[in-house]
1. Suppose each label sits 7 Å from its Cα in the direction of the beta carbon; what would the Gln162-Met258 distance come out to in nanometres?
2. Just the number, please: carbon plus sulfur as a percent of the accessible area of the stretch 315-371, 1.4 Å probe, no ligands or DNA/RNA counted.
3. Give me the number: length gained by fully extending Ala66 to Ala294, i.e. 0.36 nm times residue separation minus the C-alpha to C-alpha distance, one decimal in nm.
4. Let me check something: with ligands and nucleic acids excluded, how do His219, His67, His138 order by accessible area (1.4 Å probe), largest to smallest?
5. Ignoring ligands, DNA and RNA, what percent of the 1.4 Å accessible area of the stretch 129-270 is carbon and sulfur?
6. Give, rounded to the nearest 20 debye, the magnitude of the charge dipole that the stretch 254-338 has about its Cα centre when Lys and Arg contribute +1 at Cβ and Asp and Glu contribute -1 at Cβ.
7. Glu331 to Glu172: FRET efficiency via 1/(1 + (r/R0)^6), r the Cβ-Cβ distance, R0 51 Å, to the nearest 0.05?
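The values are calculated or read from the model by the stated rules, or taken from the named source; none is laboratory data. As the structure is a computational prediction, the values presented were derived from the model and not from experiment. Cβ coordinates were reconstructed from backbone atoms using ideal geometry, including for glycine residues, and neighbour counts include every protein chain displayed. To get the accessible areas, we keep the full protein, side chains included, count just its heavy atoms, and leave off ligands, DNA and RNA. Shrake-Rupley method; radii C 1.70, N 1.55, O 1.52, S 1.80 Å.
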Amino acid sequence: MDEDKKPRIDRRSLLLGAGLGVVGAGAVVAGGAAIKDAASGIVTPKAVGKGKAAKIGLSFKDSRPAHAEEPKAPAGAPNVVVIILDDVGFADLGCYGGELQTPAMDALAGKGLRYTNFRTTAMCSCTRAALLTGLNHHSAGMGWLADIDSGYPGYRGDLTRQNATLAEVLVEAGWSTFLLGKWHVNNADHGGPTGPFHNWPTSRGFERAYWYQGHSSDHFHPGALYEGTAPVEAGGEGYYLSDDLAQRAVTYLRTQQMMAPDKPFFMQLAFGAAHSPLQAKAADRDLYKGKFEAGWDEIRKQRLERQKALGLMPANTQLPPLSPGAKPWAELTADQKRLYARYMEVYGGMVTGVDRAIGTVMAELEVMGVRDNTLVVVFSDNGASAEGTEAGTPNVFGPAFGRPASEAEALALYDTMGEDGTFPPRRGACGSSSCTWSISIRPCWTPAGSSSPSSIAARRKSRWKARASPRPSPRPRPRRGPINTTSWAAIGPSRKATGGWWLSTSAASRSKTTTGASMIPPRIPTSCEMSRPIMPTS
C-alpha cells in the first residue's frame with residue numbers, strides 16, 4: 001500500500017475520541033454508583049465484629065448484622081458425670097466397710113477424699129428434684145414422690161418450671177447434656193407416650209436421653225424405656241438394665257467425642273439398682289453364696305469395726321438396736337435363716353452388677369483420654385426402704401395386694417431367686433443407711449412408724465381418701481420414713497485439680513448412732529450439706 005493511502009488519525013479526531021471516552025467512562029461510573037445504591041436495600045451488609053451485637057438502624061441499609069454463635073464453655077471446662085444409685089446405703093460398699101465387691105467405686109474412693117456429711121431426702125423424687133434444681137425439694141415442687149399432685153406448690157409431684165435445671169444451665173453454657181436411666185420427677189399422669197412432655201428430660205435441658213418413667217423398672221424386661229420421647233423395646237436373652245444403661249452411656253460419649261471433641265459434657269447416669277425389684281444376674285448373685293450365713297447381727301458388727309478402722313466412724317461408736325420388727329439372728333428358724341441369707345445374696349449381686357456398669361463407663365473415659373478432666377459424683381438418692389415387709393417376699397406386688405408369699409413359697413424359688421421372673425424387694429427391717437436386707441447400721445422406719453403390713457395398707461387407703469377430699473391439708477404431714485436416709489456420696493473434682501476424689505457419710509447419722517438417740521433428725525435436711533474431709537487411708 002502506498003504510504004499516502006495509509007489510514008491516519010488527525011489531531012481533531014483524536015481529541016474528539018478522547019473526549020467521548022471520558023464522557024463514557026463517567027457514565028459507567030455514575031451508573032455503577034446508582035446500581036450499588038439501589039442494591040444496598042437488598043444485599044446484606046458486612047457483619048459487625050465477633051462478639052458484638054447487631055446494629056439496628058432506621059432502614060435495612062443502615063443496619064449491620066451479627067453472626068450467630070453457639071455457646072462455648074470456658075477453656076478447660078471439666079466434663080461432669082453424676083451417677084445416682086437407688087436405695088443403696090454406704091455400709092454395703094467395700095470402700096465403706098461393707099463386704100460387697102465394688103471395685104469400681106472402691107477405686108474412686110481410693111484416689112481422693114471422703115467427706116463425712118452429705119444429705120439427701122427420704123425419697124427418690126425429692127432428692128432428684130433437689131439435685132436438678134439446686135433447691136430444697138419443696139421449692140422444686142417435689143415434697144413427695146412424683147406420683148400425685150396435691151394441688152399445693154410444694155407437693156405437685158411435678159418438677160417446677162419456674163427454675164432452670166442443671167442441664168438447662170449447662171447446655172446454654174456450651175456443654176453437651178445426656179441423661180440415662182431413672183427420671184421420676186414428672187407427674188405419673190404425664191408418663192404416657194403422648195405426654196404432656198413439659199417435664200420429660202429432653203424438655204428440661206438434656207439433649208439426648210435414654211430413660212424410664214416412674215420409680216422402678218424390671219431389670220430384665222424394662223417396660224417404659226424411651227429414647228427421647230420415642231418408646232424403646234428392650235429385654236431378651238442376656239439383657240440386664242444396668243449393663244444396657246452403661247453401654248448406651250458409652251455410645252453417647254463416643255458420638256459426642258467424635259463430633260464435638262472440644263465441648264465438655266454433662267451426663268446424669270441414674271441406675272435402677274438397687275431399687276426393687278431386686279434382680280441380679282445369677283453369676284453376680286452366686287458370688288455371695290454362703291457369705292451371709294453368719295446373720296445380720298454379726299455382719300453389722302463386722303461392718304462397723306471396718307468403718308472404725310477406715311476412719312469413717314469414731315472409735316467409741318456403738319451399734320443401735322435392730323430395726324423395729326427384726327429379730328436377733330439366733331431367734332430365727334433354720335428356714336428363715338436360709339431364706340433371708342438368700343435375699344441378701346440377691347441384693348449383693350445387684351450392687352456388684354451396678355458397680356461393674358460404673359466401671360464400664362469409667363474405663364471408657366480413660367480410653368477416650370478425658371478422664372483427667374472429668375468430675376464424677378456418685379451418691380444414692382436415699383437408703384433402703386421397707387417395701388418387702390418384715391419377712392421379705394419374692395414378689396413386690398404380693399404384699400401390696402394383700403397376698404404375701406409364705407416362707408414355703410419363697411423357699412421354693414430359692415434356686416432362681418432374683419432371676420428373671422422373680423420380683424423381690426428388700427425386707428422391712430432393712431437398715432436405712434444400709435444394709436443388705438436387714439444388715440443395718442441404723443434402723444429402718446416404715447411409713448407412719450408402723451411395721452404392720454395391714455396397718456400400712458389401711459393408712460394408705462386413708463391417705464388416698466384424704467387426697468380425694470375437697471379440703472386437703474395445705475401442708476401434708478411428712479412420712480415418718482428415714483429423713484437422712486442415704487447420707488453418703490462419692491464426689492470429686494477432676495484429677496487435674498487438687499483434692500481428687502472423695503466419699504462421704506453422714507456426720508449426723510454417725511453422732512446419733514454413737515449416742516443411740518432417735519434416728520429421726522430434728523429437721524428435714526436440705527440437699528448436699530457437706531463437712532470435713534477424711535483423707536484416704538491407702
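1. Each label point is offset 7 Å from its Cα along the Cβ direction, giving 4.5 nm.
2. Values: 1170 of 2160 Å².
About 54 percent, which is the carbon plus sulfur part of the accessible surface.
3. 74.9 nm
4. Details: His219 5, His67 150, His138 40 Å².
Solvent-accessible surface, decreasing: His67, His138, His219.
5. Carbon and sulfur together cover 51 percent of it.
6. Roughly 120 debye for the stretch 254-338.
7. In this case the efficiency is close to 0.30.
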